Amino acid sequence: MSTEPAAPAPPAAAVDDLPADLPADHSSDLPAELPVLPLRNTVLFPDAVAPLAIGEPRSVRLIDDAMNEPRRLVAFVTSREPEHDEPGPEDLYDVGTAAVVQKMVKVPDGTLRVLVQGIARVRVGPYTQSQPYLTAQVEEVPDDAAERTTTVDALARTLQGLFTRIIDLVPYLPDELHVAVANVDDPGTLSHLVASTMRFSTAEKQELLAEPALDARLRRLIVLLNREVEVLELGARIQSEVQQDMDKGQREYYLRQQLKAIQEELGEGDETEAEVTELRERLEEVNPPEEVRRAAERELGRLARIPTGSAEYSVIRTYLDWILAVPWNLASEDQLDLERAKRILDEDHYDIEKVKDRILEQLAVTRLKADASGPILCLVGPPGVGKTSLGQSIARALGRRFTRMSVGGMRDESEIRGHRRTYVGAMPGTVVRSLRDAGSMNPVFMIDEVDKMGADFRGDPSSALLEVLDPAQNSAFRDLYLDLPVDLSRVLFICTANVLEAIPGPLIDRMEIIRLAGYSDEEKLHIARRYLVPRQVAANGLSED
């Protein structure tokens, strides 16, 4: 079986040429029986000249025998199953092409390279021989159109115009085809020339070969060529747009290099460019959420275009520094060992068993469900009972960072939410600053003295604190300075107060109250012996003696 058409190889043995007395037209006197050579992924058309590679032993035998015949006629039929090495009659199409073997070249590896020219479309069958190669009865299949009509001429001209456009668009088609197409006057010959030249699929080519109606064949070719023209023009347009983008990018690069050279000569621009590059590198290292990254990239673009002496330059630079200072993706890994947590709480605090049991319950829930949003604990008791130190012990037990914020005497809600960047000296609120200091997005966050907040014309801090402590809202807490959502859902908030009555009602609803009463004289004695005296001995550098 032949493979895809290939250019003839240089002569390796003898080259047999077509006899000089061979008639130019064979279609009028085809024999009733011809040897059949199956083609793989190839369709041969009448009037077309094609190089073929012959490798199967039976096909080589067929060509050798055909070269010994005076007319060298062979029926070339395409196989329906290209993967079959030796297709039988049932694997071949019914319509093929009778062709003349014009030249043959023997290659040292035993295969052949032949040049064949189709002369007529034939219907093949029944088969009369299967060994040593296929032979079959053949019948010529002429075009149905007995005479040329105006419709056929119009279709042929349309086909010529489309094919000429394709020749200009396709690099693998030689320019000589312009002359060849212009000199073809017969519509049937034109259809065969176009079908054999274009890279249609094997099924489409076989459909064109088997179509006896000339007008239907021309219409089908016009449809296929229109499809090719659309694909080729779209590809050319895409290529042109890509080239324009490349040219634009090259032009911008050239201009930027010129601008850089001019700035170097003037001693300007180097510091700004280096600063922007450094900020971009830091942004890649921080790897913030997508919304934060877009805002940072937008501000970096503005920073690169603003002179360093501008007042807005320092505002943008400070804003970017704050964005990069927030630990967006940093968090401590919880150590949810309840035995260890109990031991740490007992080491740091005497008695208060109910309080420590409630804290251990909350840690147990967190161990069962890591993303559980537990209640906000509020430790209420007189000064000196160990509320703040209890928060530090919880942080040590969990293996988290500890940060503290005192809201006693706070009257401006901007202390929590931050100031808008339009104000001079604006900065983020205490919440964002505490996260920066902690270096983690899940610290133990202690809010001291929630019972001592005030309110005046600058706002109500307790209202801002409601959003911070509400598990349903604090996953997207928006600081006014950053104007970006900050996720506080992983923070463990613990509040402290001296008296419960001074805490606003809505704030109490957000929290679980844990009371710490004062200590009895006996408890104070134990606390002094176990905690206070050893601490003072260590603080003053004394020995145990």
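The values are calculated or read from the model by the stated rules, or taken from the named source; none is laboratory data. These figures come from a predicted structure and were not determined experimentally. Here Cβ is always computed from backbone atoms with ideal geometry, including for glycine, and neighbour counts include all displayed protein chains. Side chains included, ligands, DNA and RNA excluded: accessible areas come from the protein's heavy atoms. Shrake-Rupley method; radii C 1.70, N 1.55, O 1.52, S 1.80 Å.
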**Fill in**
Among the residues of the stretch 381-423, the number that are more than 43 Å from the chain's Cα centre (by Cα) and in a loop (DSSP other than H, G, I, E, B) is 13
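Taking the stretch 391-412, which residues are more than 20 Å from residue 452 (Cα to Cα) and of a type in the set (A, V, I, L, M)? Step through it out loud before you land on a result.
Taking the stretch 391-412 as the starting set, the residues that turn out to be more than 20 Å from residue 452 (Cα to Cα) are 392-402.
Listed by number, the residues that qualify are 394, 395, 397, 398.
Residue 312: open to solvent by 70 Å² or more (accessible area, probe 1.4 Å), in a helix (DSSP H, G or I) and over 30 Å from residue 490 (Cβ atoms), yes or no?
Numbers: open to solvent by 70 Å² or more (accessible area, probe 1.4 Å): yes; in a helix (DSSP H, G or I): yes; over 30 Å from residue 490 (Cβ atoms): yes.
Criteria met by residue 312.
Can you pull out the residues in the stretch 509-527 that are buried (at least 16 other Cβ atoms within 10 Å of the Cβ) and either modelled with pLDDT of 75 or more or touching a Ser or Thr at 6+ places or on another chain (Cβ under 8 Å) (or both)? Spell out how you get there, then give the answer.
From the stretch 509-527, those buried (at least 16 other Cβ atoms within 10 Å of the Cβ) are 510-511, 514, 516, 519, 527; that's our starting set.
510, 511, 514, 516, listed by residue number.
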**Request:** State yes or no: is residue 163 among the hydrophobic types (A, V, I, L, M, F, W, C) and part of a loop (DSSP other than H, G, I, E, B)?
**Result:** no
**Complete:** The condition of being buried (at least 16 other Cβ atoms within 10 Å of the Cβ), among the charged types (D, E, K, R) and under 29 Å from the mean Cα position of the chain (by Cα) holds, among 317, 293, only for 293
**Request:** Could you run through the stretch 107-125 and say how many residues are at pLDDT below 90, part of a strand (DSSP E or B) and more than 16 Å from residue 38 (Cβ to Cβ)?
**Result:** 0
**Asked** Of 499, 444, which residue is closer than 28 Å to residue 328 by Cα and at pLDDT 85 or above?
**Response** 444
**Complete:** Here the qualifying pairs (Cβ atoms under 7 Å; residues six or more apart or on different chains; first in the stretch 275-286 and assigned to a helix (DSSP H, G or I); second at pLDDT below 85 and surrounded by fewer than 12 Cβ atoms within 10 Å (Cβ to Cβ)) come out as none
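Based on this model, can you work out whether residue 80 counts as under 27 Å from residue 207 (Cα atoms), out of contact with any Cys (no Cβ under 7 Å at 6 or more places or on another chain) and modelled with pLDDT of 90 or more? Give the steps one after another, and end with the answer.
On the way: under 27 Å from residue 207 (Cα atoms): yes; out of contact with any Cys (no Cβ under 7 Å at 6 or more places or on another chain): yes; modelled with pLDDT of 90 or more: no.
In short, no.
Could we say that residue 181 is out of contact with any strand residue (DSSP E or B) (no Cβ under 7 Å at 6 or more places or on another chain), without any contact (Cβ under 8 Å) to a residue 60 or more places away in the chain, closer than 20 Å to residue 45 by Cα and outside any loop (DSSP other than H, G, I, E, B) here?
On the way: out of contact with any strand residue (DSSP E or B) (no Cβ under 7 Å at 6 or more places or on another chain): yes; without any contact (Cβ under 8 Å) to a residue 60 or more places away in the chain: yes; closer than 20 Å to residue 45 by Cα: yes; outside any loop (DSSP other than H, G, I, E, B): yes.
In short, yes.
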**Message:** I need a count of the residues in the stretch 60-83 that are in contact (Cβ under 8 Å) with a residue 60 or more places away in the chain and in contact with an Asp or Glu (Cβ under 8 Å, 6 or more places away or on another chain).
**Reply:** 1
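Are any of the residues in the stretch 251-266 basic (Lys, Arg), in contact (Cβ under 8 Å) with a residue 12 or more places away in the chain and more than 30 Å from residue 44 (Cα to Cα)?
Checked the stretch 251-266: at least one residue is basic (Lys, Arg), in contact (Cβ under 8 Å) with a residue 12 or more places away in the chain and more than 30 Å from residue 44 (Cα to Cα).
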**Asked** Restricting the search to the stretch 201-230, which residues are more than 22 Å from residue 144 (Cβ to Cβ) and crowded, with 18+ Cβ neighbours inside 10 Å?
**Response** 228
**Conditions (1) at pLDDT below 85; (2) touching a Cys at 6+ places or on another chain (Cβ under 8 Å); (3) of a type in the set (Gly, Ala, Ser); number of the one not met by residue 505** = (2)
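Sort out which residues of the stretch 122-159 are out of contact with any Pro (no Cβ under 9 Å at 6 or more places or on another chain), open to solvent by 50 Å² or more (accessible area, probe 1.4 Å) and either touching a residue at least 40 places away in the same chain (Cβ under 8 Å) or of a type outside the set (Lys, Arg) (or both), and write them in order of number. Walk me through it before giving the result.
Just the residues of the stretch 122-159 that are out of contact with any Pro (no Cβ under 9 Å at 6 or more places or on another chain), to begin with: 122-123, 128, 131, 139-140, 146-147, 149-151, 154, 157-158.
After this cut, where a residue has to be open to solvent by 50 Å² or more (accessible area, probe 1.4 Å) as well, the list is 123, 128, 131, 139-140, 146-147, 149-151, 154, 157-158.
Passing the criteria: 128, 131, 139, 140, 146, 147, 149, 150, 151, 154, 158.
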**Count of the stretch 472-486 residues which are acidic (Asp, Glu) and either open to solvent by 10 Å² or more (accessible area, probe 1.4 Å) or farther than 16 Å from residue 422 by Cα (or both)** = 1
**Prompt:** Can residue 243 be described as more than 30 Å from residue 303 (Cα to Cα), polar (S, T, N, Q) and modelled with pLDDT under 80?
**Reply:** yes
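Take the conditions touching a residue at least 24 places away in the same chain (Cβ under 8 Å), in a helix (DSSP H, G or I) and either among the aromatic types (Phe, Trp, Tyr) or open to solvent by 50 Å² or more (accessible area, probe 1.4 Å) (or both) and apply them to residue 335. Does it pass? Don't jump to the end; show me each part of the working.
Values: touching a residue at least 24 places away in the same chain (Cβ under 8 Å): yes; in a helix (DSSP H, G or I): no; either among the aromatic types (Phe, Trp, Tyr) or open to solvent by 50 Å² or more (accessible area, probe 1.4 Å) (or both): yes.
Judged against the criteria, residue 335 is not a match.
Quick one: which of 345, 330 is of a type in the set (A, V, I, L, M, F, W, C) and either modelled with pLDDT of 80 or more or loosely packed, with under 14 Cβ neighbours inside 10 Å (or both)? Walk me through how you get there before you give the answer.
Working: 345 fails: either modelled with pLDDT of 80 or more or loosely packed, with under 14 Cβ neighbours inside 10 Å (or both).
Unique residue meeting the criteria: 330.
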**Hits in the stretch 430-471 (condition: surrounded by fewer than 22 Cβ atoms within 10 Å (Cβ to Cβ) and in a loop (DSSP other than H, G, I, E, B))** = 439, 440, 441, 449, 454, 455, 457, 458, 460, 470, 471
